[in-house]
1. Rank these residues by their accessible area, most exposed first, probe 1.4 Å: Thr266, Thr19.
2. Let me check I've understood the local charge: for Val270, count other residues with C-beta under 14 angstrom from its C-beta, Lys and Arg +1, Asp and Glu -1. What total comes out?
3. Just from its helices, what would the mean residue ellipticity at 222 nm be for the chain, if runs of 4 or more DSSP H residues each count -39500 (n - 2.57) and the sum is divided by every residue, rounded to the nearest 500 deg cm²/dmol?
4. Can you tally the net charge around Val325? Count Lys and Arg as +1, Asp and Glu as -1, for every other residue whose Cβ sits under 12 Å from the Cβ of Val325.
5. If you take the charge dipole of the chain about its Cα centre, with +1 on Lys and Arg Cβ and -1 on Asp and Glu Cβ, which of Pro138, Leu279, Ile41 is farthest toward its positive end?
6. So how strong a dipole does the range 157-266 carry about its Cα centre when Lys and Arg Cβ are +1 and Asp and Glu Cβ are -1, to the nearest 20 debye?
7. Between Gly24, Gly333, Gly218, where does the largest GNM mean-square fluctuation fall for the chain, given springs only between Cα atoms within less than 10 Å?
8. Quick one: compute the contact order of the chain, relative version, from alpha carbon pairs under 8 angstrom and 6+ residues apart, as a percent.
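The values are calculated or read from the model by the stated rules, or taken from the named source; none is laboratory data. For clarity, every value in this text was computed on a predicted model and none was experimentally measured. All Cβ positions, even for glycine, are placed from backbone atoms using ideal geometry, and neighbour counts span all protein chains on display. Heads up: the accessible areas ignore ligands, DNA and RNA and are worked out on the full protein's heavy atoms, side chains in. Shrake-Rupley method; radii C 1.70, N 1.55, O 1.52, S 1.80 Å.
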Amino acid sequence: MDPDFVALRKDFPLLERKTYLNSGSYCALADSVKAAFDSYIDERLTVGANWDLWVMKNEAVRERMAMVLGAQPDEIAITASASAGINALASALDFTGRRNKIVVSDFEFPTNAQIWHAQERRGAKVVHARRAQDGYIPLEQFEELIDEETKLVAITHVCYLNGAKLDIPGIVRLAHARGAKVLVDCYQSVGALGFDVKALDVDFAVGGMLKYLLGTAGIGFLYARASLIADLIPTNTGWFAQADIGAMDISANRPSPTARRFEAGTPPVVNCYAAEAGLNYLLAIGRDAVEARVLALTGRCMDRLEEIGWPSVTPRRDERRGPTVAVPSRDAGALTKALMERGVVTSHRGGNIRAAFHFYNNDDDIEIFLGALTDLRSEFRG
Ligand SMILES: Cc1ncc(COP(=O)(O)O)c(C=O)c1O
């Protein structure tokens, strides 16, 4: 049965107050996620410390994250952020040999370029796949850069600036043919669009729970393909990354045989409560239903933007875009503020305002957004 997208809006009280098009920054809070936060506080008040339960919560998040990504739980590390996952992976790579090149793209969220540039001190050579004239990055750019010296292609799935999706299957094919591995930052898509690590054949993936996964800040994940884990020994580590956490052995570093080796210290306990509840909500709706809904909403929004003469810079083809519709403006910061004054919550990056859709948005949200843009057009159109 199709999910009742009208009825489930009431699970997100914010939607009664705001036209909320900001899930690419932070999701709307579901009642069940608030209840999960509350139950953590109750636990603290009534039990104090409940480590057995808290470890189970961490494992529940790992299992659910594996379901979302089509992976095995042993291939998932639960981290404090996407950056923490990338750092742990980077620390396990050796850049002293001939294969020391990292290919990133102009579409990266800063952290997935900065961390790789930080490895230059360790011998890494970082190159950027550049945008073409039309603002996008053609596969040929990657074809030119990925070679026998490439260790890793570290790329975003959906660009946080313009909502464009990179050709992940094409890039993975090129990289694997030349012996390189692929890390995908799927933070701007996972939860809104399907992101199946096995179907896409990616080697590593990172993201976090505060956007389309309906959770909170302060918790993320790293997926690592099972067959690659044994050879990767992170130096960015800690006691929760050890094979036997309870051993308290200070004589050696004995990393977990699973992706838990990419974790570090005490898990983000309260965030696990929220992340578990958010993932439960999302999994109950189903990945395909969410993706179909998000693509229909974003497509309609882009068509309506064309109609009012203020076209977006996001690719129109479904397979080329994520859940964000980016609209260019003469002053994107001031436009975001003006929209906010009209109760429409968006964000802005790189000269565009970003309307980021999730399954809980509807056609009325699009019309209210478009109505506000029409009012503001003479002042702000790009
Ligand atoms: C694509 C992308 N990657 C990474 C991040 C940052 O991740 P974190 O702060 O969890 O390291 C963001 C945050 O907005 C993002 O949009």
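1. Numbers: Thr266 80, Thr19 15 Å².
Sorted descending by solvent-accessible area, the residues read Thr266, Thr19.
2. Neighbour charge sum, excluding Val270 itself: -1.
3. When only DSSP H runs of four or more count, the value is -12000 deg cm²/dmol.
4. +2
5. Result: Pro138, furthest along the dipole toward the positive end.
6. Working: 10 positive and 9 negative charges, 40 e Å.
With Lys and Arg at +1 and Asp and Glu at -1, about 200 debye.
7. Looking only at Gly24, Gly333, Gly218, the largest GNM fluctuation is found for Gly333.
8. Taking the mean separation of contacting Cα pairs over the length of the chain, I get 23 percent.
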